[in-house]
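What follows is a set of notes on a single structure, which appears directly below.
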Amino acid sequence: MAFTSPPLLSSEFWESRYQEGATRWDLGQPSPAFVEWLDQQNHRMGRVLVLGCGRGHDALLFAQAGFDVLGVDYAPSAIAAATAVAQARNLNAEFRQRDIFTLLPEYTAQFDYVVEHTCFCAIDPTLRDRYVTLVQGLLKPGGYLLGVFFTHDRPGGPPYGTTPVELRQRFTGPFAIVTLNPVTSSVPTRQGEEYLGLFQNQGISSRS
């Protein structure tokens, strides 16, 4: 079922952050956790969707590793920047300006992996169950959500914090928790505040 995010998390909101230079979530590089994961794993290649891809640092990393990548984000300037880099580097990565909650049913069961980094923490916590349903619907049965989750405990947001306990509670059932471990290679400003999770889709969700 299509769903539109609240006005705060609209294209206009996120584009204004880019125009103002208020993009603290943007590391200017891929997440070190993803770099390590790609270096250490024997991967099954496939199609990857990066939610809230921003300027595409993580998406471009997966494309460089040989995956077929689609990145989506609210902010048109971020999509333009990511597209320009992908084209300059001749990478198999496409970027589209979209509200993530409008991706279904168009992209139902089309991806082997959904990659998450600073998207879950950017949406209002009241939408987290819808996020779980969204990701499950986007993945093929048996596909994987690979996420770097921001587990800070500061009030307010975005970014909104979470805990490993909440992640297990929200995702268990629709997903099997393969691994959920602290990230040891975080950038200094995020040390002790990130978990890397690999969750396997257990089937197409029937929740609305």
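Laboratory data are not the source of any read-out in this text; all were calculated from the coordinates shown. This structure is a prediction, so every number in the text was calculated from the model and none was measured. Methodologically, a virtual Cβ is constructed for each residue, glycine included, from the backbone with ideal geometry; neighbour enumeration extends over all protein chains shown.
Relative contact order for the range 31-150: what percent, with Cα pairs under 8 Å and sequence separation of 6 or more?
On the way: 212 pairs, mean separation 30.9, N = 120.
Worked out over the range 31-150, it gives 26 percent.
Let's test the formula: R0 of 41 Å, r as the Cβ-Cβ distance of L180 and Q64. What FRET efficiency results, to the nearest 0.05?
That gives a FRET efficiency of 0.95.
Take V50, V69, V187 and order them by how many other Cβ atoms sit within 10 Å, fewest up front. Kindly include the intermediate steps, with their values, before the conclusion.
Details: V50 32, V69 29, V187 13.
In increasing order of surrounding Cβ atoms, one gets V187, V69, V50.
So what's the projected area for the range 36-103, the Cα convex hull averaged over all directions, in nm²?
Details: hull surface 17.7 nm².
Approximately 4.4 nm², given one-decimal rounding.
For the range 148-208, rounded, prolate or oblate, judged on the Cα gyration tensor with a ≥ b ≥ c (square roots of eigenvalues), a/c < 1.5 rounded, else prolate if a/b > b/c?
oblate
When a/c reaches 1.5 or more, the comparison of a/b and b/c decides; with that in mind, is the range 120-184 rounded, prolate or oblate per its Cα gyration tensor?
Oblate, since a/c reaches 1.5 and b/c is not below a/b.
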